[in-house]
1. Just give me the residues in segment 130-151 being open to solvent by 100 Å² or more (accessible area, probe 1.4 Å) and farther than 18 Å from residue 165 by Cβ, in sequence order.
2. So, residue 165, is that one open to solvent by 80 Å² or more (accessible area, probe 1.4 Å), out of contact with any strand residue (DSSP E or B) (no Cβ under 7 Å at 6 or more places or on another chain), of a type outside the set (Val, Ile, Thr) and under 30 Å from residue 76 (Cα atoms) or not?
3. Yes or no: segment 152-159 includes at least one residue that is within 30 Å of residue 74 (Cα to Cα), of a type in the set (Ser, Thr, Tyr) and either surrounded by fewer than 10 Cβ atoms within 10 Å (Cβ to Cβ) or touching a Leu at 6+ places or on another chain (Cβ under 9 Å) (or both).
4. Tell me, please, whether a residue that is closer than 30 Å to residue 179 by Cα, assigned to a helix (DSSP H, G or I), of a type in the set (Ser, Thr, Tyr) and modelled with pLDDT of 85 or more can be found in segment 93-101.
5. Residue 127 - would you say it is free of Cβ contacts under 8 Å to residues at least 40 places away in the same chain, of a type in the set (D, E, K, R), open to solvent by 100 Å² or more (accessible area, probe 1.4 Å) and not in a helix (DSSP H, G or I)?
Amino acid sequence: MEPSAATQSPSVSSSSSGAEPSAPGGGSPGACPALGAKSCGSSCAVHDLIFWRDVKKTGFVFGTTLVMLLSLAAFSVISVISYLILALLSVTISFRVYKSVIQAVQKSEEGHPFKAYLDVDIALSSEAFHNYMNAAMVHINRALKLIIRLFLVEDLVDSLKLAVFMWLMTYVGAVFNGITLLILAELLVFSVPIVYEKYKTQIDHYVGIARDQTKSIIEKIQAKLPGIAKKKAE
């Protein structure tokens with residue numbers, strides 16, 4: 001008679017079944033953020049791009065777009081587009097002539113060097129077009145609703161925030177032009193996320209302090225505005 005052994009077996013099985021569950025999504029902490037399987041397509045690709053998960057791919061995209069923006073800052077849009085098309089045509093025509101000469105010398109029948117790419121079906125189906133249009137309409141309607149709400153002063157504080165922001169942008173526009181702002185935006189997009197990932201704790205601490213101070217200032221302003229105070233009291 002060993003009741004202790006019989007009573008111990010359920011506890012062992014219960015302890016074994018109480019193992020720690022795996023993280024939802026089964027992904028590593030450095031992988032794409034927790035998105036649904038359906039919505040993780042392009043969002044994960046953009047996330048991996050700006051967080052430098054693939055250094056070669058991110059470096060290529062960052063370098064190409066930066067060179068294009070710098071070119072637009074120095075030349076007109078027509079000149080930049082023309083030079084890009086000429087450069088692409090120079091590469092493709094040179095390769096086409098080179099392969100034709102090689103085939104003539106070797107008397108081979110390899111065919112057109114870009115045949116594999118020419119046979120690719122790049123036609124946009126009507127269903128895909130309607131899906132893109134529906135997604136765009138959602139954002140457009142949301143933007144229109146926000147614009148109407150701000151300009152017709154549904155919330156006085158939000159409209160004042162927009163006015164202050166636009167007033168500050170007049171000074172920014174006096175110093176920088178649109179291309180310069182795009183260059184600065186690209187530098188920030190490809191640098192801020194990776195810096196935030198490395199120093200998340202310290203940044204969250206200071207952001208929390210700034211957010212609390214801003215919230216207290218907004219509450220003081222709202223308390224002094226009669227319309228906002230009455231709406232809160234109701």
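1. Passing the criteria: 130, 132, 139, 142, 145.
2. yes
3. No, there is no match, as no residue in segment 152-159 is within 30 Å of residue 74 (Cα to Cα), of a type in the set (Ser, Thr, Tyr) and either surrounded by fewer than 10 Cβ atoms within 10 Å (Cβ to Cβ) or touching a Leu at 6+ places or on another chain (Cβ under 9 Å) (or both).
4. Within segment 93-101, not a single residue is closer than 30 Å to residue 179 by Cα, assigned to a helix (DSSP H, G or I), of a type in the set (Ser, Thr, Tyr) and modelled with pLDDT of 85 or more.
5. no
Each row is one residue, and each column tells you yes or no for (1) hydroxyl-bearing (Ser, Thr, Tyr); (2) open to solvent by 90 Å² or more (accessible area, probe 1.4 Å).
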| position | (1), (2) |
| --- | --- |
| 179 | no, no |
| 195 | no, no |
| 199 | yes, yes |
| 202 | no, yes |
| 213 | no, yes |
| 217 | no, yes |
| 220 | no, yes |
| 223 | no, no |
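The values are calculated or read from the model by the stated rules, or taken from the named source; none is laboratory data. Predicted, not measured: the structure shown is a model, and the values here were computed from it. Neighbour counts are summed over all protein chains in view; Cβ atoms, including those assigned to glycine, are modelled from backbone coordinates with ideal geometry. Side chains are part of the model used for accessible areas, which takes the heavy atoms of the whole protein and leaves out ligands, DNA and RNA. Shrake-Rupley method; radii C 1.70, N 1.55, O 1.52, S 1.80 Å.
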